[in-house]
Structures are given as structure tokens and as C-alpha cells.
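The structure under discussion appears below in the form of C-alpha cells.
The values are calculated or read from the model by the stated rules, or taken from the named source; none is laboratory data. As the structure is a prediction and not an experimental result, all values here were calculated from the model. FYI the Cβ positions are ideal-geometry reconstructions off the backbone, even for glycines, and counts take in every protein chain you see. Just the protein is used for accessible areas: all its heavy atoms, side chains included, with ligands, DNA and RNA removed. Shrake-Rupley method; radii C 1.70, N 1.55, O 1.52, S 1.80 Å.
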Amino acid sequence: MKRGLPQNMRAYIEELIGQSLGYLKREGTLTLDEPVKVQVERTRDRSHGDYACNIAMVLARKVGRNPRQLAELISARLPSSKRIDKVEIAGPGFLNFFASPHYLRVVVREVLAQGRDYGRAPAGSRGEVLAEYVSANPTGPLHVGHGRGAAYGASLSSILDAAGYRVTREYYVNDHGRQMDILAVSVWLRYLELAGERVDFPGNAYRGDYIYDIAREVRERHGDKLRHTQQAVVDGLPADGDGQAAEIHIDALIARSRELLGPDGYEACFSAALDTMVSDIREDLGAFGVQFDRWFSERSLETSGALERAIERLDREGWLYVKDGATWFKASELGDDKDRVVIRENGRTTYFASDVAYLLDKLERCPGTSLYIFGADHHGYVPRLKAAARGLGESPDRLDFQLVQFAILFRGGRKVQMSTRSGSFVTLRELREEVGNDAARYFYVMRSHEQHLDFDLDLAKSSANENPVYYIQYAHARISSVFRQLDARGFRYNQAIGEAAMDRLDSEYEQALLRTIGRYPEVIEGAADRRAPHVLAHYLHDLASEFHSWYNNSQFLVDDDDARNARLNLVAAVGQVLRNGLELIGVAAPEEM
RNA sequence: GUCCCGGUAGCUCAGCAGGAUAGAGCAGCCGCCUCCUAAGCGGCAGGUCGCAGGUUCGACUCCUGCCCGGGACGCCA
């Protein structure tokens, strides 16, 4: 990376101040025992220049001078620089730096030269991240809650990638366990129903219509091979009912299914259900622009021996003990609030044991950070997984947990009721069809993930000015339109002429845009560091806003070659930054609307 | 009971390791299209930053307590 790029301006100024402090120290004006951390930040107010530093206030007490006086000293010893026009001392002792207009304009050339790479740090320069998100049980279609995790996870992964992390995206498929068995049995019962058997469908089974679809497939493939009489199915089974009775009933039903169907027959129902659900989820997410590098099967942990290995590892480290016939992990000694069972009394491993095995696998495969993106209801997993990391002899610092709060849909100003059991929940697919992928992706990440999200369906569907997605996309469409108009008006765009005439970009609108597009790399870095895609979403809205203001106040396609080409360079640069940013949050940048 | 997230303008929310007069979008009111898409722009009005203490030169931001809202605490998955 060349020195002197706009994105390095902060570091550059920090270095200048460091030099000034070093000088003051050497000449004996100041006595500083410990090295000081100089921090420069972007100003919020234009009148405060472009960058500000609070070092004088931080150091004032230590060196026994008042802040403004100290600021004067630092300012006087600052090496001169072509990039800085002037330095002012303001307020309680801020050092305000004004970037030179020439320096501000350099950014346009950088954006145009780097194109899609503008704002991207060198690949892998920040290490590796293994991001796991969505990981919804494959027992039904994704709903709108999963959608938020998907949009957040995908956007954050892209942002981390742009910020220089090497990112692997994974979906953990819970294809092992009771819920999957219930799903398999649900399919079988529907299959029997389709075959003409009279069945009493348990209250606890999966009732969605998609179960019929899977059952139909099973029937097409296996005909009547899996058919048994209703009598055989329910004979001697404990009755269905509410609460506990329902659980007992369905467990007995699972056991009966296995008996009657045998391993192959049961597997037929099971795998049909699993394959259908996983491919349905994959298709759904794919259409939503959410991709994964790997779909990690929970069952594979057992077949690969990873499960056994993880338990052995915990044992070897001395964290296991046996009580009441079960094997426990001493999580409470490692920061969790209670110990956790890894092997049940009945000899089967727990869900938590799988989590530990998957964690070990992740830590071994990825030398960097394991990023967990959970729904907020899973926050209890944080201490136990950290305990697991410690138990495996790894640092919990290698785990990063991001909890995504719930999304609540609003229509007509009223909450849309959702209930999984009754089947009246809104699926992600329905949401996408209703508001479109772009609006859904944007709305999901426009708020901090730590914040509950009120998802206004009417607003997301609105094609009026209040919809922030269209607002941003419209800016991009306008930019495309400007270039389309070039030919129509008999002009030609010449980037070189524009670059030679960049000093023509002198209006307040142009200056503001220069500052904003120059800020983009820092926005990416900040969004990545804070795991906060909404920072980027807000930035894009700001950028669009500044562009719209400029558009309404200036004419781009003027007769003056210099002015026209200089402006077109800036227009092109804004378009490029919009495209780069929108791509990271999975929103299209349309040529026209 | 313990733990997690939140409480900023009428509504929905920004405000990033504390910083210079608290911002945006909606909604409300008033303006702007013989001109590159008005899905746009400009202006006005609107807030004791939940409450009370504390730390600091400086607190919406950090600490403690309390109040309110949402959620989590299985040998379930």
C-alpha cells in the first residue's frame, strides 16, 4: 500500500504528533516518562477541520501545563506537511487539522484506480475468521428471525472479508437428535395417511404442509414398502395428550417407527426429511444472497470420531467426572454457572458434547477467531462454550459471540403475530416475496444487531421516498443515468482531463462528498471491528444523501470540459463507493429504477 | 433469584475505545420540476439523553443502585 492514501491520514497525523512530542521531549520542554498513545479522530463538525486530536487534554495534567498552552507547544513543533493546510487550537485544547484541498481530491483518483478494491484491505492481512451463522434446525422452513441472523451473518462476513480477514462461512446442521426424529416420524405418518391409513397425528409432530410434500416423495420412491396398519403403529402406545403426555407419546412413537421400519426404512424417512429441508433452506438462503462455504453435519462429528476425540481431550485435561451414571464436564470451574452433562445415563452424548466437538474442530481448522452468531435467546451458550474452550486447553479469547436480537414484524402499525406451532409464522421466503430481497437485506442490518428490530413491512414495501433502500439505490441509478445522458447530449467522458482539473471541485457539496468517500475505508474497518454492519448501512445512506443534495444543486453535464470531466470523475467515484458498499450488505446497485 | 439486550425528538433509531452547541429518517408545517429520473432537494418546529449517585478538566458514553420493556436459565434439540 502506498503511503499517503487518504485512509492512512489518521495514522499519518498521529505520527506527526508523535514526532512533535519526541522533539519537545528531547529539547527538555516536556518530561514524559511513559510512551503516550496519540489518538486522532475524524471531526463531526466541518468547522473543526477534518481531523482532531485530544492529546493536549490527555497529557495536560501529567506535564503540569494547561491544555491550550500544551496544544500550542505541540502545534509549533509539528513538521510541516503538504497534506495539511493548517492546524488550529480550539475549545478546551483540541488540535484541529485541516486537510489540504489538494489532498482531499486525491481520493477520487484512488477510487477510480482501485475500483472494486477501493476500501478493501489486503486479503488475509488481519487474520482468519470462521463465521457460523443461521444454523437453524432443518425441521422446517426458515422464518423471519432466522432471516435477521442470515442477513447479519452474511453482511458481517463480507465486511470482515473486505477489512482483510480471511473468512470461512459455515452452517451447522443439527441433523442429529430428537427434533429430527420427530420430523422423520411426522413424515412417516403423513406417508401412511397418503397411503390410505387412518392416523391420529400427534399434537407435538410437525404439522406444516411441507411435511406432506416430503411424504409424497417418499411414497413415490418407496411405494407401499413402508406401509403398516394403523393398528400396528399405535398398539400399546401411551396416549397422546398435553404437556408431558405428548412428549412421552411421541418418544414412544419414534421407537415404534424404528421397530416397524427397520434401520433402512427409518433412514428413508429420516434422510428424505433431512435432505429436503436442507436443500430447501439452502435454496432459500441462496436466493437471499446468503452463501456458505460449508454445511457442517452434526452427525458427521460422530462418524468422524471428532465427538469421541473432544470428550477424550476434556478427560485428559481432567475436566470430566461421573455422577448418577452420567459423565459431567466441570464447566462451573471454568466460568459457567453449572456443570454440564456430556454423556447421558443412557450412554448417548448430549447436544452440548456435539458443541464441544464442533468447537474443537473449528479451533483446529481455523487458526484465528471462531465467530458465533446466535439469536439472543442463545446467550446462555456463551459461558458454557467459553468454558468448553478452556476445558480443551484453548483460550476463550479465540471465540467471538455476537447475539442478534429479535425482529418483530409490523404491518399497518400493528405487530404481526407469530407462532411456530400453529403454523401461522411468517417464513423468510414469504417476507422476501413480499418486500423483495434488497429491502429485506437492508432492513435487517440497518439497526444495530444488539437492538430489537421493528421491521415495518409497509415501509419496506414502499417505493416512496421514505424507504431508505430505494433512497440509496436511487442515488446509484441517477449516477448511471448521468452517464447514459452523456452520449445523448453529444459529450464524451475523459477521466484524464477531469483529473487534471480536480481543483474545479470546490463547492461545499463537492468538498463534503470528497470527505465522505475518503472516509469509506475507515467505515469498513470500523464496521468490521465492531461487528456492526449497520455502520455501513448508515454510511451509505449519508453518502446517498450528500449525492442527492449535490445533484439537485449542480449541473454535471456542462459545456466546460474541465468542470464537466472533473465532476464526472466525482460522480463515478461516488457510484463506485455505493456499489462497493451495497455489495457488502447484499443489496443490488441498479442502473435504473 | 441469577444472567443477557435495550430505555435518546410524537414514532423508528444513530451517536464507534468519554470530548467541543445531542444527530438522521419518518410523521407535522412551509417552499422547489421549460434543467442529468421530484423514488429528489431546501427550510421550520420538535429532546430534563429512564431515575439517583459516583469517577473525570469534561459523561448520552465509564462504575454502582433502582425503575420499566424484551429474552435466557433442561441428562430438550
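Of all residues in the range A:23-39, those that are surrounded by 10 or more Cβ atoms within 10 Å (Cβ to Cβ) have Cβ atoms under 8 Å from Cβ atoms of residues that are part of a loop (DSSP other than H, G, I, E, B), 6 or more apart or on another chain, in A:Y23/A:R77; A:L24/A:L30; A:L24/A:R77; A:K25/A:T31; A:K25/A:L32; A:Q39/A:N54.
Among the residues of the range A:520-552, how many are near RNA strand B (Cβ under 10 Å from one of its atoms) and in contact with an Asp or Glu (Cβ under 9 Å, 6 or more places away or on another chain)? So the answer is 2. For the range A:99-118, residues that are open to solvent by less than 30 Å² (accessible area, probe 1.4 Å) and either more than 24 Å from A:L160 (Cβ to Cβ) or not charged (D, E, K, R) (or both) total 10. Screening the candidates A:A215, A:A272, A:A246 for the property of being in contact with a Leu (Cβ under 6 Å, 6 or more places away or on another chain) and part of a helix (DSSP H, G or I) yields one hit, A:A215. Restricting the first member to the range A:325-346 and to residues that are of a type in the set (D, E, K, R), and the second to residues that are in a helix (DSSP H, G or I) and within 8 Å of RNA strand B (Cβ to nearest atom), the beta-carbon pairs closer than 7 Å and six or more apart or on different chains are A:D336/A:P383; A:D337/A:P383; A:R340/A:F352. Of all positions in the range A:51-58, at least one carries a residue that is open to solvent by 10 Å² or more (accessible area, probe 1.4 Å), of a type outside the set (V, I, T) and more than 35 Å from the chain's Cα centre (by Cα). Contact annotation: residue pairs with Cβ atoms under 7 Å, 6 or more positions apart or on different chains, pairing a residue in the range A:503-514 that is over 14 Å from A:N565 (Cβ atoms) with a partner that is among the aromatic types (F, W, Y) and surrounded by 18 or more Cβ atoms within 10 Å (Cβ to Cβ), are A:Y509/A:W550; A:L513/A:F547; A:L513/A:W550.
Rundown of residues vs (1) hydrophobic (A, V, I, L, M, F, W, C); (2) within 6 Å of RNA strand B (Cβ to nearest atom); (3) surrounded by fewer than 18 Cβ atoms within 10 Å (Cβ to Cβ); (4) part of a helix (DSSP H, G or I), yes/no style:
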position	(1), (2), (3), (4)
A:F443	yes, no, no, yes
A:R447	no, yes, no, no
A:E450	no, yes, yes, no
A:F455	yes, no, no, no
A:S463	no, yes, yes, no
A:Y470	no, yes, no, yes
A:A475	yes, no, no, yes
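Just the residues that are in contact with a strand residue (DSSP E or B) (Cβ under 8 Å, 6 or more places away or on another chain) and open to solvent by 30 Å² or more (accessible area, probe 1.4 Å), please, taken from the range A:516-530. Passing the criteria: only A:R519.
For the range A:347-375, filtering for residues that are open to solvent by 60 Å² or more (accessible area, probe 1.4 Å) and in contact (Cβ under 8 Å) with a residue 12 or more places away in the chain leaves 3.
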